Every structure is written in C-alpha cells, then in structure tokens.
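Worksheet: the structure to be examined is printed underneath.
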Amino acid sequence: MNLTIGHLYPDLLNLYGDRGNIQCLKKRCEWRDIQAEVVSFEITDEIDFSKLDIVLLGGGSDREQMLVCRRLLEIREDFRAYVEDNGVVIAVCGGYQLLGNYYQTAEGRIEGLGIIDLDTEQGENYRLIDNIILESDLFSMPVVGFENHAGRTNLKNNKPFGRVIYGSGNDGKSGYEGVVYKNVIGTYLHGPLLPKNPQVADYLIEKALERKYREKITLKELPDLEEREANEAMCQRLKGKVSRPQDQMQLG
C-alpha cells in the first residue's frame, strides 16, 4: 500500500512546527510498511488533488493567510471536489479558518473557501493562548495540544472535533474545539498535533487508505509508549485546573 501526502504552502503556513505533522504521518506509515510520499507545493504550483491522499493545510500570520487564500480561491472548486469526494484533510489554525466562509480581522475580511459553513472573527481584547485538552468521540485517548489564536470561530451546525476539558477552543465560550466534516479535521491545536496524538494520525491514515483502496482498513497497532506517557502526563498536570482566557495578557 502507498499514500501521497500533499503539504500545501509550507513556506508560508508553518507556525509552531506544524511541519512535524507531515513527519509524523510519514513515519507512522513507514513503521507499517506503507509507502508514504510527501509532495510540497509552493504558491505558484499547480495542484492535482486526484493524486493526493492526505492534504495538510497549516497555519500562518494574517498576511500569509491572505496570500494563500488568493491562490486557494483560484483552485477552490478542485479543492471542494476533493473534500466532497471524502478526501482527507488536516487543517490547522489559519488553515482551519480558511476552510470557512471568512475571517474578519481588524485590517479587513479574508475571504474563505466556503467549503465548510463556519465563520471566524478576530477577538478584540485578548488572544486565546494555553495548553488544551479535548475529549473526542473519535478517539479513546484525550486529544492534547497548544492553542494561540485571536480568531473566534462560529461552528454553526457543524460537528466539533472535540469537547474542551481544559483550554478555550473555537471561541473561548462554546466549550467546543475544531470541526469534523466528512474526512476533514479542522483544529486550532498546534504542538504539532499529530506526534502528541497518535490516534489522530492513525485516523487520517486509515481514512486515506480506505478511500484509496475501497476497503475497510485496520492498521497494525504500534506500541506508542512514549506518546501515551506524554499524553497522560499533560492530562494529569492540567487535571482540575481551570483555563481563564479572560485573564490572559493581550498580545499585539
């Protein structure tokens, strides 16, 4: 078996080491004798989504998001067709926001792709910055990571990625984080996300293999001893604490 992983615009969208998500997917495939090819795309490159099995859309500054969005709008229908055909996407922070209808900033509105019906507006007083823990119906382990975003995302009627146990999530008040739409996961979780959460990485790999080979896939289990210990250590450290985003210092 083999998979092709497309990394969209890593030169512009790579905040907080999100490139590590690509390395994690590739390594977990290799450990199972699944050939994984990574193809990185620059802003001027043509993208044939029919040749991709997993797409990573990372996070960037507002300026970089605007540059990327202009390009994505040119290929919006191809990207939408890929998503609607159950293409696998992991979109982090700015990439998550771009999947929605728009991101309203103090400098103006960044038009989104409108692939998922959600909206994001910049918070006026403070950024949402902290470690974060989620419970997700998709996984038996908690999902852990780090969030740092000014945007407040209105999920509307979409399914969240998880329920916030500690942290702020989509908007600091709804109690939910991220979105799941078909085989797309959008999330504010950095860290990078996948090395800290092997079950999430394996979920993406399984979905991609099932779509490509048209059969039910059960991945060979990996020990993941260090990953599970790190996950448990973070959960225990934050257990019983309350995250208060309103007390955080405003950052430029």
Taking only protein heavy atoms and a 1.4 Å probe, the highest-to-lowest accessible-area order of M141, M66 is M66, M141
Once amide hydrogens are built 1.01 Å from N within the peptide plane, the residues lying 5 or more places from G114 or on another chain with amide H under 5 Å from its amide H are G100, N101
Once normalised by the length of the chain, the mean sequence separation of its alpha carbon contacts under 8 Å that are 6 or more apart gives a contact order in percent of 20 percent
Honestly the range 63-210 on the Cα gyration tensor test (a ≥ b ≥ c root eigenvalues; a/c under 1.5 rounded, otherwise a/b vs b/c for prolate or oblate) is just oblate
For the chain, percent of DSSP beta bridges that are antiparallel (nearest 5) comes out at 55 percent
Whole-Å distance linking the alpha carbon centroid of the range 1-60 with that of the range 123-170 is 23 Å
So, for the Cα atoms of the range 5-54, Rg and Dmax in Å stand at 11.6, 34
Kirkwood Rh over alpha-carbon pairs of the range 84-152 plugged into Stokes-Einstein at 10 °C, 1.306 mPa s gives a D in µm²/s of 116 µm²/s
Checked the range 154-247 against the a/c 1.5 cut and the a/b vs b/c comparison, axes a ≥ b ≥ c from its Cα gyration tensor; verdict oblate
If amide H atoms are modeled at 1.01 Å from N in the peptide plane, then the residues at a separation of 5 or more from V55, or on another chain, having amide H under 5 Å from its own are G6, V88, V89, I90
Heavy-atom accessible area of E111, protein chains in place, probe 1.4 angstrom, given in Å² to nearest 10, is 90 Å²
Any lysines whose Cα falls less than 24 Å from that of K156, other than same-chain ones fewer than 8 residues away, would be K173, K182
Looks like the chain, by Cα gyration tensor root eigenvalues a ≥ b ≥ c and the a/c under 1.5 rounded cutoff (else prolate when a/b is bigger than b/c, oblate otherwise), is oblate
A student asked for the Cα radius of gyration and Dmax of the range 1-100 in angstrom ought to give 13.1, 40
Phi-derived 3J(HN,Hα) across the range 35-51 with the Karplus relation (6.51, -1.76, 1.60, θ = phi - 60°), rounded Hz, x for Gly and Pro, is 6, 10, 9, 10, 10, 9, 10, 8, 4, 8, 6, 7, 10, 9, 5, 5, 9
Note on the range 84-147, DSSP bridge orientation, antiparallel percent to nearest 5 equals 75 percent
Ranking D171, D85, D45 from most to least accessible area with a 1.4 Å probe gives D85, D45, D171
Here, N157 and S50, labelled 7 Å along Cα→Cβ, have an inter-label distance in nm of 3.3 nm
The set of residues whose placed amide H lies less than 5 Å from the amide H of I165, leaving out same-chain residues fewer than 5 positions away, is I133, L134, E135
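The values are calculated or read from the model by the stated rules, or taken from the named source; none is laboratory data. Please read these numbers as outputs of a predicted model, since none were measured by experiment. Methodologically, a virtual Cβ is constructed for each residue, glycine included, from the backbone with ideal geometry; neighbour enumeration extends over all protein chains shown. Each accessible area value is taken on the protein alone, full model and side chains, heavy atoms only, with ligands, DNA and RNA left out. Shrake-Rupley method; radii C 1.70, N 1.55, O 1.52, S 1.80 Å.
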